[in-house]
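The values are calculated or read from the model by the stated rules, or taken from the named source; none is laboratory data. It should be emphasised that the depicted structure is a prediction, and the values quoted were computed from it without experimental measurement. Heads up, the Cβs are rebuilt from the backbone with ideal geometry, glycines too, and the neighbour counts pull from every protein chain shown.
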Amino acid sequence: MAKAIAVTETQTTPQWRQQPERFLTFLKEVRSEMHKVVTPSRKEVQSTTTAVIITVFLFAAYFYVVDAAVGKVMQNLLAWLTH
């Protein structure tokens with residue numbers, strides 16, 4: 001019983017009054033996290049960009065081949081079914 005009374009007494013501060021304090025805490029945490037951000041070097045950006053471009057072209061070629069194969073199978077199937 002005493003525990004329940006103690007809990008309700010500590011939670012008497014309205015939630016709207018806690019908002020400015022919570023917002024300032026959030027801003028302080030954002031600032032501390034932004035200090036940890038490291039900008040990649042030019043060489044790192046170039047290497048990752050190259051890897052992405054190569055990967056995009058490989059996937060494009062793969063999907064082109066798969067699409068052509070499935071299209072050819074479907075054409076043959078439809079031709080066979082209509083004759």
*List the pairs whose first member sits in the stretch 1-27 and is at pLDDT 65 or above, whose second member is surrounded by 10 or more Cβ atoms within 10 Å (Cβ to Cβ) and not in a helix (DSSP H, G or I), and whose Cβ atoms are under 8 Å apart, counting only residues at least 6 apart or on separate chains?*
none
_In the stretch 36-51, the residues that are exposed (fewer than 10 other Cβ atoms within 10 Å of the Cβ) and within 22 Å of the chain's Cα centre (by Cα)_ = K36, V37, V38, T39
